[in-house]
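Just so it is clear, none of the values below were taken in a lab; they were calculated from the coordinates. As the structure is a prediction and not an experimental result, all values here were calculated from the model. Neighbour counts are summed over all protein chains in view; Cβ atoms, including those assigned to glycine, are modelled from backbone coordinates with ideal geometry.
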Amino acid sequence: MRDDPSGADLIEAARRALAEEVVPGLTGRPRYVALMVANALGIAAREIGEADRLAAAEADLLAGDGADALVRAIREGRRDADPALHAALSAKADLASGIWKPRPSGK
Amino acid sequence: MDETRLSAWIASHLGIPDLRIEESRPLGGGSIQENRLIRCRSGEGVREFVLRRDAAATIASSRSRREEFRLLEAAHAAGVRVPEPVGFCDDAGVIGAPFALMGLVAGVGLGPRIAKDLALGGDREKLAEDLGRELAKIHGVLDPRQDPPPALAFLGPPEPDPARAEIARLRENLDGIGAKRPAIEWGLRWAEAAAPPCPAPALVHRDFRTGNYMVDEAGLTAILDWEFAGWGDPAQDLGWFCAACWRFGRLDKEAGGIGSREAFERGYAAGGGQPVERERVAYWEVMAHLRWAVIALEQGARHVSGREFSLELALTGRMVPELEQAILAATAPAAWPRSHSDA
């Protein structure tokens, strides 16, 4: 059994404490660095939270082949304008992009 | 840094024997280069310079400091608004590495700040127009039908097919860091299939965007960062400048997040630029996202490799999916040339 709060919860709590309690008291370079740290913690927490969906999107994209084989096939023109590949790539990019930057709430 | 040697070099280069360095401190910015402010005094006279040398790790596709300086000199001679090229020192014995010395230009260069702070840059439509005009001047620095002057011999002849040459370079860069990014590969393959010919190559800056020029309250003060310049398709610079990924959140300001595309194009025409072909520029806007994605991966790899600890570089590496989204949106199956989409 996992202990609570989970690692992801702790990272998110650390991000919030940093952003809400530390950043307002900082200026200049330390403020900039603290904001980057908060940003990095947010990314890490979201990545952990989305681990299952990320793995599913990756599996869907690779369809049993390795990333090497897919890259080679695309470069050699064997997947040109392939709608299924475009859809899988877009699904993965949307998910990963939401990890980089949280989507506006309401989604 | 040994300031005695540097001071002696500057004094001798400028022919001012009593010149002394009064202040020397790092300037912000530049993930590829290190820039320092050097303030010198001779009697009552004060001169301020920027000293530029390579940062700890460089990305493979950037030019040497010496070549960059020669390009700056050529642009300066052609009347492009750039920092004054003061001198270049090949002797690594002076400060530990070759360096370029340029006149300090007043103003702010930080992209996000310029996009946000409307007190900077003067009238924004005029700024967009001025940038267009400067870009046209850059594209006119060299005549593609003639050999470049000896100082720029390293440029060689123009590539016959700049789009495909760029694609080959980006694939090489990806392979160089062992990156497997199917979305970027998809975009590169589309770019290969849709590559436009380049009937009129020109000297292109290749990093002409908000963040690489300086402004004061009144307007544009200088175009910076010549380390990627070379022969290419002039539409590449127009596309890089207008690409959504370089608008710093001001997506409505299609010219670099600071002005309208119309104003930018107006200035480009007024400066003697070839008529703008929007479709060709749109192609290079997709290429801009591809190139920035590859550079972002390279920057991330500098951190991941352990050569250089930097949270900033690490985060840059993680922004790639956002660029991939834009690339995929612009290269949906219907956007492929017909000969490549017949399934």
For residue B:290, the net charge from surrounding residues (Cβ-Cβ under 12 Å; K, R +1; D, E -1) works out to 0
By the Cα gyration tensor axes a ≥ b ≥ c (a/c under 1.5 gives rounded; else a/b larger than b/c gives prolate, otherwise oblate), the shape of the protein assembly as shown is oblate
Residue A:9 and residue B:180 label points (each 7 Å along its Cα→Cβ direction) are spaced in nm at 3.6
In whole Hz, what ³J(HN,Hα) sequence does the stretch A:46-52 give by Karplus (6.51, -1.76, 1.60; θ = phi - 60°), x for Gly and Pro?
5, 4, 5, x, 9, 3, 5
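So if each residue of separation counts as 0.36 nm, and I subtract the Cα-Cα distance between residue A:91 and residue A:103, what length gain in nm does that give?
Difference between extended and current length: 2.9 nm.
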Quick check: from the Cα gyration tensor, does the stretch B:279-343 come out rounded (a/c under 1.5), prolate or oblate?
prolate
For a quick check: with amide H placed at 1.01 Å from N, whose amide H comes under 5 Å from residue B:22's, ignoring anything fewer than 5 positions away on the same chain?
B:39, B:40, B:41
Provide the gained length on full extension for the span residue B:309 to residue B:154, in nm with one decimal, where the gain is 0.36 nm per separating residue minus the Cα-Cα distance.
52.5 nm
Between beta-carbons, use under 15 Å as the cut-off and find the net charge around residue B:201, counting Lys and Arg +1, Asp and Glu -1.
-4
If one computes the Cα centroid of the stretch B:76-93 and of the stretch B:256-307, what distance in Å separates the two points?
25
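Could you give the dipole magnitude of the protein assembly as shown about its Cα centre, charging the beta-carbon of Lys and Arg +1 and that of Asp and Glu -1, in debye to the nearest 20?
260
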Taking R0 as 51 Å, what FRET efficiency do you get between residue B:193 and residue B:217 from their Cβ-Cβ distance, rounded to the nearest 0.05?
0.65
If you keep only loop residues by DSSP, which GluC sites (Glu not before Pro) in the stretch A:1-88 have at most 12 other Cβ atoms within 10 Å of their Cβ?
A:76
The helix A:83-100 Cα axis meets the longest alpha-carbon principal axis of chain A at an angle in degrees, between 0 and 90 and rounded to 10, of 10
How large is log10 of I(q)/I(0) for the stretch B:147-246 at q = 0.19, 0.22, 0.24 Å⁻¹ when the intensity is taken from the Debye formula with one equal scatterer per alpha-carbon?
-1.10, -1.28, -1.36
For chain A, what does the alpha-carbon gyration tensor say about shape, rounded, prolate or oblate, given a ≥ b ≥ c as the root eigenvalues, a/c under 1.5 as rounded, and a/b over b/c as prolate?
prolate
What net charge do the residues around residue A:43 carry, taking every other residue with its C-beta under 10 Å from that of residue A:43, with Lys and Arg at +1 and Asp and Glu at -1?
+3
Need the C-alpha centroid separation for the stretch A:21-98 versus the stretch B:169-236, integer Å.
23
Trypsin sites (Lys or Arg not before Pro) within the stretch B:287-343, DSSP loop, no more than 16 other Cβ atoms inside 10 Å:
B:307
Check residue B:222: other-chain or 5+ apart residues with amide H under 5 Å from its amide H, H built from backbone geometry?
B:214
Could you list B:37, A:89, B:101 in order of exposure, starting from the residue whose Cβ has the fewest other Cβ atoms within 10 Å?
B:37, B:101, A:89
Grab the Cα-Cα distance for residue B:106 and residue B:329, subtract it from 0.36 nm times how many residues apart they are, and report the gain in nm with one decimal.
76.3 nm
Please give me, ordered by residue number, the trypsin sites (Lys or Arg not before Pro) of the stretch B:141-189 that lie in loop per DSSP and have at most 10 other Cβ atoms within 10 Å.
B:145
Pairwise label distance in nanometres, residue B:113 with residue B:341, each label 7 Å out on the Cα-Cβ vector
4.5
Lysines whose Cα lies under 23 Å from that of residue B:116, excluding same-chain neighbours fewer than 8 positions away
A:101, B:126, B:253
